[in-house]
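Bear in mind that the values in this text are calculations on the coordinates, not laboratory data. Only a predicted model underlies this, so the values are computations on that prediction, with no experimental measurement involved. Note that each Cβ is placed from the backbone with ideal geometry, even for glycine, and that neighbours are counted across all protein chains shown.
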Amino acid sequence: MAEPSAATQSPSVSSSSSVAESSAPGGGGGSPGACPALGAKSCGSSCAVHDLIFWRDVKKTGFVFGTTLIVLLSLAAFSVISVVSYLILALLSVTISFRVYKSVIQAVQKSEEGHPFKAYLDVDITLSSEAFHNYVNAAMVHINRALKLIIRLFLVEDLVDSLKLAVFMWLMTYVGAVFNGITLLILAELLIFSVPVVYEKYKDSSKTPWNCKEKGRISTWKPEMQQLLKHHLIVIMLLLVL
């Protein structure tokens, strides 16, 4: 008598489990603002970078893009010491002016609000030894990997890889004759913050190879996107050369 009752209860159990799976994060229907092709488990810092370069938050991306671009343009025109000195002077000018302004307002109004930056001064920014060791261990993994790669390439463990490095460095000599390092960084930043947006806007999702299976978001480009991207790169190169 227990078997029929279990059989009658199994459809409800299976239906509830299917609903739970469909409503679970990363289980089929993702939100529009979710990080594509990464999933819920790996959507950490990579997803934050994805949202940044795709201008999900216009104010945040605009601040990061504008600040880094101004710093790079300043480094192209002035020395590193001058740029750092000007940045520190600008920051001190803002904080000192605000501190004096709040002090004058408190003296006129005879209020006792205290230091205007007290909330930030009370923040605990000390780095624990455990966190420091975690950062060091994470950095050491990348450093050891880089050292092994350098030794492998320069001691010619694989002749093909070493020849590829030699050809690449030979081509970089021609690039260095036209652009300097700061110019390449400016070009890279302009491309990083512009090409993904253009690609997302003009990609043809109807021709996506994995559109039905939803295993990825790789899609073909619309014909007009190639021409638009070509003009976009030409304009950036002309701005950098001029």
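Brief remarks follow.
- Ordering 119, 129, 151 by Cα displacement along the dipole of the stretch 111-151 toward the positive end leaves 151 in first place; charges were set at the Cβ atoms of Lys, Arg (+1) and Asp, Glu (-1).
- Enclosing the Cα atoms of the stretch 140-200 in their convex hull gives a volume equal to 152 cubic angstrom per residue.
- Where labels lie 7 Å past Cα in the beta-carbon direction, separation of residue 121 and residue 153 in nm: 5.0
- Flagged links, alpha-carbon separation over 30 Å, of 148/203; 60/118; 59/118: 148/203
- Cβ-placed point charges (K, R +1; D, E -1), dipole of the stretch 58-187 about Cα centre in debye, nearest 20: 300
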